[in-house]
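Readers should treat all values here as calculations from the given coordinates under stated rules, not as data from a laboratory. Everything numeric here is computed off the predicted structure, so don't read it as measured data. Here Cβ is always computed from backbone atoms with ideal geometry, including for glycine, and neighbour counts include all displayed protein chains.
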Ligand SMILES: [Zn+2]
């Protein structure tokens, strides 16, 4: 046990030396300011912030050693997969050394090669739990022409300081040769760093970041930072992004930045990560505040963390004037369509799926038995927004909930609870929304999209042709042997016929099946009539009969109502910052 005395201002000193860039190897040295401790614990997180999945990052550690200030080796042993116990530590400090293998680029953990080093401390720098609140410094030994940047304050070339370990793990470092731009908006400094070559235009990113800042000002009226760093990794096969306290790491394919429709997806991600600066980095649910780095952090509110952020990312782009209304309506229609095509929505609530977000489910099983905290959370956020607007006679909205969460919990280590959210909503509406919460958040009651859209002055228009589309309820992919079933919807014709994931489709009604033209072929058939389907399951060839039905969820578009009421006009304006009457002119 730790029984030492540590001076509050004594820093933990981290040094990382790239020892073999080709093999993704670095040596880490940590000097701990420990006094008179009999035993200390060193831990590496088992997950990294922003990715709610156990990654067992200590698998990348080797050659651990530890010595005291007289350079005498100290005894140590591991007590579990991510904990090292060091005995007989003495009065004058301890130095820990180990090798780290940094080759987790796509997980945005750590990546070292001959062009750069990306370091999220979760996978690289150990910590002593007793010293978690100590200030610290980080020094990198990297090639001379590289530049190192991070959300942390720079205190020298390749050198940073942080107030504690929590800031360190939430401030990744990007070191290398980059495209770089810095600019200010109001009194805030923004930096854009791009590693990799692609079809991006850094000035277009700047322009969008500038506009997104304005929308954030309108919503929260305050910023938890005065400097923010956008880090981009651009490369083949890269996707996804992670939020951090005053920085983000966004990974994109090389050619994702044009044409406009592709760029809009990048910008939605950019807005998403930025919104997280408040929603999850500044205030977050109890259960993930403070972070426990050694195990899963449970909460039934992950849908507010990810789903509400997803709800706002598209809305931010619309409010910022980056989306035209029709871009927004398209995203919304796609989201509703994907929701309706997911049988899991009838089985699992968004609260239950939030709690289980750490489980890595089989794709088809989760498609049929759970919901996405992102998509479902966004739709439920939208419905909650409607609820607050309606019940407060249009005075308040979900924006006010976000603002109050920031005012009450921002920057603290105390997480908000379901009761806190309910109390905030009740203070805005003078009504108990327990019924809504039970039905739609903790329950699986179906949302009425016609009613929801109408509230905001919109309607859905079913695509005429799609009304008679045939449907089987399966999706396909190109497997190694040819067309393969990727997913089957519970209770669909494909499900009832006995098809499952991995079945290799050969022929339907006597003709070869291809992934590319399967849907065209399907539309040639008669709904309600049975057709022979030949496929391989493993080694065995099988023939079954399958009966297409008319698609229960035909495609649709969303448009403004032709004759909106005064309230609908008002809600749309409050919601988007746009006037409903001008929407059709902007298409
Ligand atoms: Zn997110």
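Whole-percent P(r), region 346-483, all Cα pairs, 5 Å bins from 0: 2, 8, 14, 16, 17, 15, 11, 7, 5, 3, 2, 0, 0. In summary, the convex hull built on the alpha carbon positions of the chain has an orientation-averaged projected area of 29.7 nm². For residue 427 and residue 561, the difference between the fully extended length at 0.36 nm per residue and the C-alpha to C-alpha distance is 45.1 nm.
Per-residue ellipticity at 222 nm for the chain, helices alone: DSSP H runs ≥ 4 residues times -39500 (n - 2.57), over residue total, nearest 500 deg cm²/dmol? Mind dumping the intermediate values first?
Numbers: 14 runs with 152 residues, N = 587.
Dividing the helical sum by the residues of the chain leaves -8000 deg cm²/dmol.
Which of the peptides 123-135, 413-425, 392-404 is most tightly packed, and how do the rest follow, judged by the mean count of other Cβ atoms within 10 Å per residue? Mind showing how you got there, number by number?
Details: 123-135: 21.5, 413-425: 16.8, 392-404: 18.4.
Per-residue mean Cβ counts within 10 Å order the peptides as 123-135, 392-404, 413-425.
Specify whether the C-alpha gyration tensor of region 330-396 places it in the rounded, prolate or oblate class, a ≥ b ≥ c being the square roots of the eigenvalues: rounded for a/c under 1.5, otherwise prolate if a/b is larger than b/c and oblate if not. Prolate is the answer for region 330-396, as a/c is 1.5 or above and a/b outweighs b/c.
Model label points for residue 573 and residue 414, set 7 angstrom from Cα along the Cα-to-Cβ axis, are 3.9 nm apart. Equivalent ellipsoid of region 140-195: semi-axes from √(5λ) of the C-alpha gyration tensor, largest first, are 18, 17, 10 Å. As a ratio to 2.2 N^0.38 Å, the alpha-carbon radius of gyration computed for region 255-390 takes the value 1.10. Look at the alpha carbon pairs under 8 Å that are at least 6 residues apart: their mean separation over the length of region 170-297 gives a relative contact order of 23 percent.
The listed peptides 362-372, 280-290, ordered by packing as a protection proxy, come out as 280-290, 362-372 (highest mean of other Cβ atoms within 10 Å first). Taking label positions 7 Å along the Cα-Cβ direction at both residue 255 and residue 236, the computed distance is 1.2 nm, reported to one decimal. How many angstrom lie between the Cα centre of region 446-524 and the Cα centre of region 170-223? Region 446-524 and region 170-223 have Cα centres separated by 40 Å. Remark on region 1-146: hydrodynamic radius 15.7 angstrom, per the Kirkwood mean of 1/r across alpha carbon pairs.
Output the antiparallel fraction of DSSP beta bridges having both residues in region 171-330, as a percent to the nearest 5. Please list the in-between numbers first.
Numbers: 10 of 24 bridges.
Taking every DSSP beta bridge with both residues in region 171-330, the antiparallel ones total about 40 percent.
For region 464-587, a/c is not less than 1.5, where a ≥ b ≥ c are the root eigenvalues of the C-alpha gyration tensor, and a/b tops b/c. That puts it in the prolate class. Tell me whether region 108-243 comes out rounded, prolate or oblate; compute the Cα gyration tensor, take square roots of the eigenvalues as a ≥ b ≥ c, and use a/c under 1.5 as the rounded threshold. Oblate, since a/c reaches 1.5 and b/c is not below a/b.
Once both labels are positioned 7 Å from their Cα atoms along Cα-to-Cβ, the gap between residue 550 and residue 514 label points is 3.1 nm.
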